[in-house]
Each structure stands twice: as structure tokens, then as C-alpha cells.
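Beneath this line is the structure, given in C-alpha cells, with notes to follow.
Just so you know, all these numbers are worked out from the coordinates, no wet-lab data involved. These numbers were taken from a predicted model, which means no experiment stands behind them. Every residue, glycine among them, receives a Cβ derived from its backbone with ideal geometry; neighbour counts consider all protein chains shown.
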């Protein structure tokens, strides 16, 4: 498997993000990015995804090792990272998000530690 295929692996991950943590009435969705936002008002973001099954070259993915969720309060600047080792999880609850606009991206990595490109950025406003 080529490094280019690994780096582009994330393109084939079908992400569905459920982000929660906005005040009542603050939910919404974006059909072009596959994002659905559920209002909860508790400062959390529930991120869910479908694991990839093949590389960008169409070959079977056999060495997926985990995911990284990066987030922060400025687009392109993600000061916090959650590493999920293993492939058994398909969702993760990010907690303790303060009042702010939060931006999230996700990557996957293989057994050699080679990481994919960032997913499209999604954002969530926490208002309480």
C-alpha cells in the first residue's frame, strides 16, 4: 500500500457527525457535508463515523489501527487531540467544551502510524 493511498484514506471514510452542545433551537444540518447537529445544551459533541474498508487505490484496507479527533476554537488550529487506538469504536463523546465556536476534524491511521489527511472541518457553537 502506497503512502499516498494511506494519506488519502480518509476520503473513503463516510463520516456522520452528530455534534451536541448548543442551546435549544441551535441545531441544524448541512446536506453537502453529511453533518447533523443535535441540540442538547450540555457542552458535549458526539462524533460518529463509519470505518473505511478500502484504500484510495481500491485495494482492501487491512491495517487500519485507529483514529484521531482534533478540535479547537479556531479553524485550522486544533489544540486538542483525542487518539482512539483500535478499530472497535465508531463514535466518541467529546466533553467539557466551554462556551465558544468549536471546530473538529478527524483522521485515520494505519499500523505504521501513517495518518490520513484531515476530514472536512465541522463546527459547533456551545452557548451554555
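The slack between residue 89 and residue 48, meaning 0.36 nm per residue of separation minus the straight C-alpha distance, is 13.9 nm. For region 85-121, list residues with backbone N below 17 Å from a point placed 7 Å from the Cα of residue 62 toward its Cβ? Within reach of a label on residue 62, which here means backbone N under 17 Å from a point 7 Å along Cα→Cβ, region 85-121 contributes 110-113.
How long is the gain from residue 127 to residue 101 if the chain were fully straight, where each residue apart is worth 0.36 nm and the alpha carbon distance is subtracted?
Extending this stretch completely gives an extra 8.5 nm.
The ranking of 92, 67 from fewest to most other beta carbons within 10 Å of each one's beta carbon is 92, 67. Peptides 74-84, 102-112, 117-127 ordered by packing proxy, namely the average of other Cβ atoms within 10 Å per residue, highest first: 102-112, 117-127, 74-84.
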